[in-house]
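Down below is the structure, laid out as structure tokens.
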Amino acid sequence: MTVSIQDKLVFSNGLEVKNRVVLAPMTISACEPGGYVSQADIDYYARRAEAAGMIITGSAYVHPKGQAFPDSFSVAEDDKIEGLSRLAKAIQEKGCLAILQVYHGGRMVLPNLIEGQPVAPSAVKALHGYVAEPRALTYEEVDEMIGYFLEAIRRAIKAGFDGVELHGANTYLIQQFYSPHSNIRKDKWGGTANNRMRFAKTLLKKAKQLVKEEAGRPFLIGYRFSPEEIEEPGIQLHDTLQLLEQLIRLQVDYLHLSIGNAWQSSIRNVTAEEPILYPIIKKVGHRVPLIAVGGIQTGEDAQKVLDAGVPLVALGKALLLEPDWTQKVLEKKEGEMILRYRDELKEHLQLPASFVEELRDYLEGNY
């Protein structure tokens, strides 16, 4: 049966999305100092909630030393709940599910943001970014770190979100535990692939238990993943397929693929021509919803992903510039889509001024 972008989808816990369009998690760095939700944040997400069936926020850090972006969301303290609650409500008022993405930057945290040394699974410096060599977490601190994530999820529940997305992608801390490049531990949290995936599995298991005991309502726990790493040694596709199998068995509610282009092939095997999406679809099947992302701009682009067997499509730049994207696709008005930012569109788009200035060339299509 052909699936279209306007079709509803019901998750296994009964939560329903009004269509197949997801706002991809993008950090817009518009928070008030200290990671408090700003009115600019609320306006930005609410504006896009009419087009999307589900909004995944930009990353919210679970501990002050896990902040990898300036002026981004904090879910590390109880005093953030009030603002996060206003944000969730503004999204949900448009009939859209509100998902808070939670993360810790690990070794990718900029030292000047936290005024100290970052922490990671091991004291191995990343090969990219303006980063420092991190300090390895002690055995006790790993358990504490899982606790920080669980407290963040508890706050998201209290704030009224429909779920959280565990950010296990883009080389942040959860991925760092699974990566043989960033994790060279000798205890139960490192070494074999089974040990390296223990952090993600333990976190998911405890998160699901927390929801069962404390949410009192359907609440999604999703997981975002990067299928490969360019580092050597690094995560390979077969590693990711093993991890996905375990996450599915632990009843993750959805999986969210993080790649630059939905149809790209392997970044490790240059001779591979098959899109990396295909073996992932084959592994996941119809067991849990999969979200694909990357270069999806037009209705035709989205339909191609849906036709491949992926039930949800995430849009980034397309929804940044055209918050009425879904409506225009369904009304066959794609010729009227906004493709480049112009200053006279500022109010219409509800893009934070600081975000526009930071990414003006990108938004104006100059590169």
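Scanning segment 50-83 for residues that are in contact (Cβ under 8 Å) with a residue 60 or more places away in the chain and touching a Cys at 6+ places or on another chain (Cβ under 6 Å), we see that the one that is surrounded by the fewest Cβ atoms within 10 Å (Cβ to Cβ) is ASP71. Counted as qualifying within segment 301-356 are the helices (runs of 4 or more DSSP H) with 3 or more residues that are touching a residue at least 40 places away in the same chain (Cβ under 8 Å), namely 317-321, 325-330.
Listed by first and then second residue, the pairs with beta-carbon distance under 7 Å, at least 6 apart or on different chains, first residue in segment 84-112 and closer than 19 Å to GLN39 by Cβ, second surrounded by fewer than 24 Cβ atoms within 10 Å (Cβ to Cβ) and among the polar types (S, T, N, Q), are ALA98/GLN92.
Matching residues to (1) assigned to a helix (DSSP H, G or I); (2) among the basic types (Lys, Arg); (3) in contact with a helix residue (DSSP H, G or I) (Cβ under 7 Å, 6 or more places away or on another chain):
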| position | (1), (2), (3) |
| --- | --- |
| ASN13 | no, no, no |
| ALA30 | no, no, yes |
| GLY34 | no, no, no |
| TYR44 | yes, no, no |
| PRO70 | no, no, yes |
| GLU82 | yes, no, no |
| ALA88 | yes, no, no |
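Would you tally the residues in segment 249-268 being more than 25 Å from ALA52 (Cα to Cα), out of contact with any helix residue (DSSP H, G or I) (no Cβ under 6 Å at 6 or more places or on another chain) and touching a residue at least 12 places away in the same chain (Cβ under 8 Å)?
Within segment 249-268, residues that are more than 25 Å from ALA52 (Cα to Cα), out of contact with any helix residue (DSSP H, G or I) (no Cβ under 6 Å at 6 or more places or on another chain) and touching a residue at least 12 places away in the same chain (Cβ under 8 Å) number 3.
Residues that are under 22 Å from GLN101 (Cβ atoms) and among the acidic types (Asp, Glu) within segment 122-154 comprise GLU144, GLU151, listed in sequence order. Of all residues in segment 247-270, which are within 16 Å of the chain's Cα centre (by Cα), surrounded by 16 or more Cβ atoms within 10 Å (Cβ to Cβ), farther than 14 Å from LYS283 by Cα and of a type outside the set (A, V, I, L, M)? Of everything in segment 247-270, those that are within 16 Å of the chain's Cα centre (by Cα), surrounded by 16 or more Cβ atoms within 10 Å (Cβ to Cβ), farther than 14 Å from LYS283 by Cα and of a type outside the set (A, V, I, L, M) turn out to be ASP253, SER258.
Among the residues of segment 271-291, those identified as surrounded by fewer than 18 Cβ atoms within 10 Å (Cβ to Cβ) and either modelled with pLDDT under 95 or within 17 Å of the chain's Cα centre (by Cα) (or both) are THR271, ALA272, GLU273.
Suppose the filter is on the phi < 0 side of the Ramachandran plot, assigned to a helix (DSSP H, G or I), at pLDDT 95 or above and buried (at least 19 other Cβ atoms within 10 Å of the Cβ); does LEU244 pass it? Give the derivation first.
On the way: on the phi < 0 side of the Ramachandran plot: yes; assigned to a helix (DSSP H, G or I): yes; at pLDDT 95 or above: yes; buried (at least 19 other Cβ atoms within 10 Å of the Cβ): yes.
It is true that LEU244 is on the phi < 0 side of the Ramachandran plot, assigned to a helix (DSSP H, G or I), at pLDDT 95 or above and buried (at least 19 other Cβ atoms within 10 Å of the Cβ).
Of everything listed in (1) buried (at least 24 other Cβ atoms within 10 Å of the Cβ); (2) touching a residue at least 60 places away in the same chain (Cβ under 8 Å), the single unmet condition for PRO118 is (2). Taking ARG135 and the conditions (1) touching a residue at least 24 places away in the same chain (Cβ under 8 Å); (2) in contact with a strand residue (DSSP E or B) (Cβ under 8 Å, 6 or more places away or on another chain), which numbered condition does it fall short on, given that it satisfies the others? Only one criterion in (1) touching a residue at least 24 places away in the same chain (Cβ under 8 Å); (2) in contact with a strand residue (DSSP E or B) (Cβ under 8 Å, 6 or more places away or on another chain) is unmet by ARG135, namely (1). Take the conditions crowded, with 18+ Cβ neighbours inside 10 Å, free of Cβ contacts under 8 Å to residues at least 40 places away in the same chain and under 26 Å from LEU257 (Cα atoms) and apply them to GLY294. Does it pass? In short, yes. Scanning segment 187-209 turns up at least one residue that is part of a loop (DSSP other than H, G, I, E, B), without any contact (Cβ under 8 Å) to a residue 12 or more places away in the chain and over 16 Å from MET145 (Cβ atoms).
Pairs are defined by a Cβ separation below 7 Å, a sequence spacing of at least 6 or placement on different chains, a first member in segment 5-18 that is within 18 Å of LYS328 (Cα to Cα) and touching a residue at least 24 places away in the same chain (Cβ under 8 Å), and a second member that is of a type in the set (Gly, Ala, Ser) and in a loop (DSSP other than H, G, I, E, B); the pairs so defined are LYS18/GLY53; LYS18/GLY95.
The values are calculated or read from the model by the stated rules, or taken from the named source; none is laboratory data. The model shown is predicted, which means the values in this text are computed figures rather than measured ones. Positions of Cβ are backbone-derived with ideal geometry, glycine not excepted, and every protein chain shown enters the neighbour counts.
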